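Asker: Let me give you the structure first, and then I'll get to my questions.
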Amino acid sequence: MNDQVNDAAAPDGRMDRSFPLLVALFVGSGCAALIYEVVWFQLLSLFIGSSSISLGVLLGTFMGGMCLGSLLFPRYVSRRHHPLRVYAYLELSVGAIGLIVLFGMPLLGNVYVSWAGSGVTSMVMRSIVAAICLLPPTIMMGATLPAIARWVETTPRGVSWLGFFYGGNIGGAVLGSLLAGYYLLRVYDVTIATLAALALNVTVALLSLWLAGRIPHEAEDPEAELEAPHGDSWPVYVTIGLSGLTALAAEVIWTRHLSLLFGATVYTFSLILAVFLTGLGVGSSVGAFLARSVANPRIALGTCQLMLCAAISWTAYMATQSLPFWPLDVTLASSPWISLQLDLVRALWAMFPAAFLWGASFPLALAAVAQRNQDPGRLVGGLYAANTLGAIVGSISAGFFLVPLIGSQHSQQVLIILAAMSGLLMWVPVGKASAEWPTARQDAPFMVASTALAIVLAISVQPLPGDFVAFGRFMPTRGGYSEIIYVGEGLTATIAVSREPNGVLSYHNAGKVQASAYPEDMRLQRMLGHLTTLVPENPKSFLVIGCGAGVTAGAVAINPEADRVTIAEIEPLVPGVVSKYFSVENHGVIGNPIVHIAIDDGRHFLLTTDQKFDGITSDPLDPWVKGAAALYTREFWELAKSHLNPGGVVTVFVQLYESTEEAVKSEIATFLEVFPNGAVFANTIEGVGYDVVLLGMADSATIDVDRVQQRLSSPEYAAVADSLQEVGFYSAFDLLSTYAGQPADLAPWLKGAAINRDRNLRLQYLAGMGLNLYEAESIFDNMVAAGIDFPERLFTGTAINLERLARLIEDRQGR
């Protein structure tokens with residue numbers, strides 16, 4: 001660290017020669033940073049939850065660290081140090097801390113679980129955990145651009161190099177997003193992904209040190225007086241801050257819209273992020289090129305922001321009014337990779353123009369404020385911090401306030417107006433610059449016309465089509481048939497309720513039907529709820545993860561022996577919708593006095609509660625939805641098992657449709673590894689596979705057939721018996737004869753199944769490949785191909801009842 005550098009000296013010829021290697025440094029750095037971001041968010045979400053509050057804390061902390069790094073670096077790191085050596089040490093620090101976070105996070109998670117409460121206490125603890133894990137490495141990441149900035153001159157041509165470096169960094173981020181989402185975490189796990197990112201950090205650091213040794217510099221006096229930023233530069237800082245705000249707010253909104261269109265898989269989120277970053281990177285490179293030659297960078301920056309009004313309007317139209325209506329049948333794709341190619345084209349078509357303009361704005365802003373004899377580190381750090389601070393405000397305000405309170409239509413209208421304001425600010429004459437610009441009178445017509453156009457573009461943004469919210473990627477083939485009677489945009493999801501001409505209601509989430517009043521769906525949800533309460537010896541306290549249409553929770557809550565039912569629901573909108581539209585199907589569950597609603601994701605609720613339950617069940621969840629796989633891991637089932645009272649049970653739904661056989665095997669094998677005495681019960685349609693229910697018990701308990709039948713025959717259980725009869729189960733024997741196997745029966749079929757663990761969340765990658773597949777029949781046939789033997793150790797009761805049940809099980813197999 002004793003090498004010295006001339007702050008203002010990086011001759012153009014020398015920069016030209018080293019340019020490819022310097023860009024390569026930033027590509028590697030950006031790639032590593034995105035891999036870390038994906039890994040850290042995945043790991044931290046397992047502990048502090050995947051609710052909107054948790055994700056807001058994570059995103060705010062991550063970007064806050066970047067902002068702090070860009071601000072603090074030029075103030076606390078001397079200009080005498082060689083920029084490339086400083087850059088190398090920053091990369092090594094990120095890698096070292098990333099390794100510490102990987103192995104230290106579980107310990108910190110245990111501390112959080114021990115201390116986390118609810119409400120304000122929970123938020124404070126989440127923030128502390130996120131800060132400990134994310135602030136140290138992200139501060140280092142945020143310092144890298146200001147560090148390398150001291151390699152260039154503070155002139156428009158000099159700072160234009162930084163635009164290329166910024167573009168290279170974003171290009172690396174694109175690679176990191178795709179590498180993490182499509183390969184490292186799909187094939188390996190978080191450990192391998194972290195080590196890959198660490199290898200990139202080390203490679204970048206070594207290359208940087210090698211360059212520093214080959215290109216020495218002489219330093220000027222570090223105490224030499226440098227010019228402070230001019231007082232007329234503040235509009236540029238405001239504009240680039242607003243640019244960051246509109247960019248991240250729009251990304252939040254468009255990710256929600258496009259995930260409805262593509263399916264909310266982990267691949268979709270990686271793809272959307274990669275496309276958005278690609279636009280930023282290409283735009284930054286073009287902006288850097290323009291910054292070298294444009295006569296007035298401020299006007300160029302303002303023009304970019306004004307053009308964003310049209311670009312935001314374009315994406316708003318494409319994402320909700322055009323792309324969903326393209327005549328496409330996604331089920332016809334011969335491979336999931338074909339679907340991904342189609343999604344890539346559609347995402348580029350919709351988002352690239354706006355992302356390009358946001359990317360071009362940053363180098364133009366650098367050129368607009370650059371003056372000779374400034375500290376380039378402080379110049380870049382200040383602008384980067386302003387942009388990042390705006391991004392924090394944008395992402396949090398869009399997710400927490402704008403969309404839930406005024407909807408995505410009005411939120412995008414606000415963003416268009418903000419983009420217009422940020423652009424017009426560049427035409428406001430301030431300080432010395434006013435002498436170079438046309439008079440205010442000459443500018444007035446242009447500013448009025450721009451304002452009017454922005455208003456027209458904002459008004460043109462249309463509300464979300466109800467059919468699109470309900471059917472998402474299936475809108476061209478299924479939309480238009482049902483009446484959409486409710487659409488709501490909440491903190492975490494966009495939901496809808498539809499009514500078909502025959503009066504059947506459906507609850508939609510993630511762009512698909514999640515629950516309906518159709519017999520097959522009602523039967524599944526009633527099976528889940530009633531198996532959970534009929535099997536335990538003392539059915540008193542229950543937990544239902546996910547409310548959905550409330551049918552599962554309603555089946556649990558009508559049990560006459562139950563005295564407390566807790567529903568853990570992540571989306572605050574859902575209980576109110578359920579109570580209004582599905583009160584008949586769910587037996588008025590939301591108004592039941594024994595029912596308590598906890599607005600939290602189920603995993604976080606279980607981690608932070610000391611309650612014990614006689615039964616835990618989950619309303620149908622699609623494992624391909626990003627984040628849902630955390631509710632199917634071995635660690636989660638062990639957590640659920642630890643919260644059971646003696647004789648308690650856990651039930652969960654596994655869908656066979658919209659899935660792959662590998663994903664179904666993973667779900668069942670993981671569950672049965674934790675519950676070796678568990679069993680599978682099938683919900684079939686005329687003998688054809690549709691979905692199944694897994695049932696596991698806390699200990700070596702059995703299912704007492706006599707007790708279940710006695711309960712259903714008693715007057716106290718009349719409501720339960722009626723509920724089962726509505727879906728075709730007229731006795732305990734009808735319900736229990738849906739038995740489809742135990743571990744011994746399924747062992748040959750499950751051989752080689754991937755166990756879903758916290759460290760890999762393998763299920764979300766397996767299931768994500770099958771969201772457009774309908775192979776339920778073949779999956780079920782393969783599962784039961786070896787035949788099902790009557791499980792004498794699972795069922796107990798009188799000989800006559802066991803014989804009757806065994807005969808019914810054989811009849812269901814056609815034997």
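The values are calculated or read from the model by the stated rules, or taken from the named source; none is laboratory data. Note that the structure is predicted; figures quoted are calculated from it, not measured. Using ideal geometry, Cβ is built from the backbone for each residue, glycine included, and neighbour counts are taken over all protein chains shown. These accessible areas exclude ligands, DNA and RNA; they are computed on the full protein's heavy atoms, side chains included. Shrake-Rupley method; radii C 1.70, N 1.55, O 1.52, S 1.80 Å.
Asker: Using alpha-carbon pairs under 8 Å, 6+ residues apart, how would you state the relative contact order of the chain in percent?
Answerer: It comes to 13 percent, rounded to a whole number.
Asker: So how far apart, in nm, are the two label points at SER579 and THR796 if each is 7 Å from Cα heading toward Cβ?
Answerer: Result: 4.1 nm between the two label points.
Asker: Taking the alpha-carbon distance from LYS540 and a cut-off under 30 Å, which lysines remain once sequence neighbours fewer than 8 residues away in the same chain are dropped?
Answerer: Answer for LYS540, where 30 Å is the Cα cut-off: LYS580, LYS612, LYS641, listed by chain and number.
Asker: Further question on the same structure: Could you give the length gained on full extension between THR121 and GLN462, defined as 0.36 nm per residue of separation minus the Cα-Cα distance, in nm?
Answerer: Here the answer is 118.8 nm.
Asker: When only C-alpha pairs under 8 Å and at least 6 residues apart count, what is the relative contact order of segment 521-663, in percent?
Answerer: Once divided by the residue count of segment 521-663, the mean separation gives 29 percent.
Asker: A further question follows. What's the local net charge at GLY554, with K and R +1, D and E -1, over the other residues with C-beta under 13 Å away?
Answerer: -3
Asker: Moving on. Along each of its three principal axes, how wide is the spread of alpha-carbon positions in segment 766-815, in whole angstrom units, largest first?
Answerer: For segment 766-815, the Cα extents along the three principal axes come out at 46, 20, 15 Å.
Asker: Please report, in whole Å³, the volume per residue of the convex hull around the C-alpha atoms of segment 589-696.
Answerer: Convex hull of Cα atoms, per residue: 132 Å³.
Asker: Relative contact order for segment 279-408: what is it in percent, counting Cα pairs under 8 Å that are at least 6 residues apart?
Answerer: 46
Asker: Taking every pair of alpha-carbon atoms in segment 670-815, what share in percent sits in each 10 Å bin, from 0 to the bin with the longest distance?
Answerer: 10, 35, 36, 16, 3
Asker: If you don't mind, there's one more thing I want to ask. Roll a 1.4 Å probe over the protein chains and send me the accessible area per residue for the chain in Å².
Answerer: 36
Asker: As an exercise, use a Förster radius of 41 Å and the Cβ-Cβ distance of ASN110 and TRP234 to find the FRET efficiency, rounded to the nearest 0.05.
Answerer: 0.30
Asker: R0 = 25 Å: FRET efficiency of ASP722 with ARG478, Cβ-based, nearest 0.05?
Answerer: Efficiency, rounded to the nearest 0.05: 0.20.
Asker: Taking every pair of distinct Cα atoms and averaging 1/r, then inverting, what Kirkwood hydrodynamic radius in Å comes out for segment 76-157?
Answerer: Evaluated over segment 76-157, this radius sits at 15.0 Å.
Asker: To continue, here is another question. Please report the projected area of segment 281-408's Cα convex hull averaged over all directions, in nm².
Answerer: 10.5
Asker: Same structure, new question: Please work out the C-alpha center-to-center distance from segment 165-182 to segment 269-348 and express it in whole Å.
Answerer: Using only Cα atoms to place each centre, the spacing works out to 16 Å.
Asker: Hey, another quick one. Grab the alpha carbons of segment 530-592, take their convex hull, and tell me the volume per residue in Å³.
Answerer: Taking the convex hull of the Cα positions in segment 530-592, it is 69 Å³ per residue.
Asker: Once a ≥ b ≥ c are taken as the square roots of the eigenvalues of the Cα gyration tensor of segment 465-537, is the result rounded (a/c under 1.5), prolate (a/b larger than b/c) or oblate (a/b not larger than b/c)?
Answerer: Prolate.
Asker: At most 11 other Cβ atoms within 10 Å and a DSSP loop assignment: could you name the chymotrypsin sites (Phe, Trp or Tyr not before Pro) in segment 71-138 that fit?
Answerer: none
Asker: Quick one, what does Rg over Rh come out to for segment 659-708 if you take C-alpha atoms and the Kirkwood Rh?
Answerer: Rounded to two decimals, Rg/Rh equals 1.04.
Asker: Right, here's the next one. Could you give the C-alpha radius of gyration of segment 38-92 expressed as a fraction of 2.2 N^0.38 Å, taking N as the number of residues it contains?
Answerer: 1.54
Asker: So between MET421 and THR451, what do we pick up on full extension, going 0.36 nm a residue minus the alpha carbon distance?
Answerer: Using 0.36 nm per residue and subtracting the Cα-Cα distance, I get 10.0 nm.
Asker: Now for a different question. Which distance in nm do the two modelled labels at LYS751 and PHE400 give, with both placed 7 Å along the Cα-to-Cβ direction?
Answerer: 5.4
Asker: While we're here: How large is the Kirkwood hydrodynamic radius of segment 225-341, counting all unique pairs of alpha carbons, in Å?
Answerer: 17.1
Asker: What number does segment 496-541 give for Rg over Rh if you use C-alpha atoms and the Kirkwood radius?
Answerer: Ratio of gyration radius to Kirkwood radius for segment 496-541: 1.15.
Asker: Which percent of the accessible heavy-atom area of the chain goes to carbon and sulfur, probe 1.4 angstrom?
Answerer: The value for the chain is 61 percent carbon and sulfur by accessible area.
Asker: Also, I was wondering about something else. Which semi-axes, in whole Å and largest first, does the equivalent ellipsoid of segment 644-732 have when worked out from the alpha carbon gyration tensor as the square roots of 5 times its eigenvalues?
Answerer: 26, 20, 9
Asker: What full-extension length gain, to one decimal in nm, is calculated for ILE132 and GLN341 as 0.36 nm per residue of separation minus the Cα-Cα distance?
Answerer: Separation in residues times 0.36 nm, less the Cα-Cα distance, equals 71.4 nm.
Asker: I want to verify the translational diffusion coefficient of segment 23-154 in µm²/s; compute it with Stokes-Einstein, Rh as the Kirkwood radius over Cα pairs, at 10 °C and 1.306 mPa s.
Answerer: In µm²/s, the coefficient is 102.
Asker: Can you give me the long-range amide H partners of ALA515? Hydrogens built in the peptide plane at 1.01 Å from N, cutoff under 5 Å, separation of 5 or more residues or another chain.
Answerer: Residues meeting the amide H criterion: TYR507.
Asker: Still on this model: Which percent, to the nearest 5, of DSSP beta bridges fully inside the chain are antiparallel?
Answerer: 60
Asker: Now for a separate question. What distance in nm separates the two pseudo spin-label positions at GLN371 and LEU808, each 7 Å out from Cα along the beta-carbon direction?
Answerer: 8.6
Asker: In whole angstrom, and with the biggest value first, how far do the Cα coordinates of the chain range along each principal axis?
Answerer: For the chain, the Cα extents along the three principal axes come out at 97, 57, 49 Å.
Asker: Only four residue types carry charge here, +1 at the Cβ of Lys and Arg and -1 at the Cβ of Asp and Glu. Report the dipole size of the chain about the Cα centre in Debye, rounded to the nearest 20.
Answerer: The calculation lands at about 1960 debye.
Asker: Would you please give the FRET efficiency between GLU520 and ALA444, computed as 1/(1 + (r/R0)^6) with r the Cβ-Cβ distance and R0 = 56 Å, to the nearest 0.05?
Answerer: 0.30
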